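The values are calculated or read from the model by the stated rules, or taken from the named source; none is laboratory data. These figures come from a predicted structure and were not determined experimentally. Here the Cβ is made from the backbone with ideal geometry for all residues, glycine too, and neighbour counts use every protein chain on show.
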Amino acid sequence: MKPLPLKPSKHDNPTTQYKQPVLFESVAFLRFDTRCFFETFTLLFRRVLRVLNITIALLTLHSCSNEKAEIEKVTISDNFPNEVSENVTLYYSDSAKVKVRLKAPLLENYYRGDDSYSEFKSGIDVEFYSDSGTVESTITSNYAKYYSERGIMTAEDDVEVVNIDGDILNSEHLVWNRNDEQITSDAFVKITTEDEIIYGNGLVANENFSSYSIKDIKGIISIEE
């Protein structure tokens with residue numbers, strides 16, 4: 001025997017029969033919100049990725065700019081001295097005795113490891129001393145560069161060497177080797193002594209200019225009293 005279907009009572013609220021459709025509508029609304037959430041999340045994720053890509057690009061550009069700036073900084077710094085001094089006097093000693101005194105109106109030091117050097121763009125005035133402290137010779141020029149690690153100085157532009165006897169050497173280029181205690185030149189030279197003037201190319205002399213030899217003599221002019 002089948003059970004008889006229940007008839008709604010006249011006291012029942014007629015709105016109760018709509019509870020089930022309302023439930024279905026809520027579920028449908030919930031599904032709609034979930035779809036919107038995923039669409040919104042996808043859109044936000046794409047925007048985040050776009051921002052990250054822009055940020056990475058900017059960081060890369062900034063890094064490249066920094067590297068370029070560092071390279072330019074190093075390049076520029078290589079062209080400028082580490083120290084600059086004016087009206088300097090330098091002494092070189094051996095066995096606690098002053099052997100060389102150098103004076104210059106301008107000194108620029110460039111620290112480059114084994115190639116460190118001092119540049120004298122306004123010229124030099126050098127004196128060489130004997131063991132007794134007597135000035136034996138002098139060197140003057142309008143420009144000079146001294147390599148401290150190698151003990152070599154190059155003098156250029158109106159170079160003049162004078163020894164204790166008054167003999168004068170003139171040239172446009174000269175090299176003083178502190179270790180060998182020699183003065184050399186591959187340029188044109190003129191030596192003026194008490195009784196003659198000697199012209200030639202190239203020269204080797206000791207640093208006090210008491211002994212010298214011209215490599216290629218071009219002429220000798222006697223000086224009459």
Out of all the residues in the range 187-194, is one or more surrounded by fewer than 13 Cβ atoms within 10 Å (Cβ to Cβ), in the same structural domain as Ser116 (by TED's automatic domain parsing) and closer than 30 Å to Arg112 by Cα? no
Matching option when the condition is in contact (Cβ under 8 Å) with a residue 40 or more places away in the chain and either out of contact with any Pro (no Cβ under 6 Å at 6 or more places or on another chain) or of a type in the set (S, T, N, Q) (or both), among Asp186, Asp167: Asp167
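Count, please, the residues in the range 129-156 that happen to be assigned to a strand (DSSP E or B) and small (Gly, Ala, Ser).
Taking the range 129-156 first, the residues assigned to a strand (DSSP E or B) are 129, 135-141, 143-147, 152-156.
Going one step further and asking which of them are small (Gly, Ala, Ser), we end up with 137, 141, 144, 155.
The total comes to 4.
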Say we look at the range 161-175 and pick out the residues that are within 37 Å of the chain's Cα centre (by Cα) and polar (S, T, N, Q); which of these is surrounded by the most Cβ atoms within 10 Å (Cβ to Cβ)? Ser171
For residues in the range 148-160 being among the β-branched types (Val, Ile, Thr) and within 25 Å of the chain's Cα centre (by Cα), which is nearest to Gly123 (Cα to Cα)? Thr154
So is Asn142 of a type outside the set (Ser, Thr, Tyr) and touching a residue at least 40 places away in the same chain (Cβ under 8 Å) or not? no
Pair list, Cβ under 7 Å, 6 or more apart: the range 196-225 residue surrounded by fewer than 11 Cβ atoms within 10 Å (Cβ to Cβ), other residue outside any strand (DSSP E or B) and not basic (Lys, Arg): Ser222/Asp195; Ile223/Asp195
Return only the number of the condition from (1) more than 30 Å from Asn79 (Cα to Cα); (2) assigned to a strand (DSSP E or B); (3) of a type outside the set (D, E, K, R) that Val159 does not satisfy. (1)
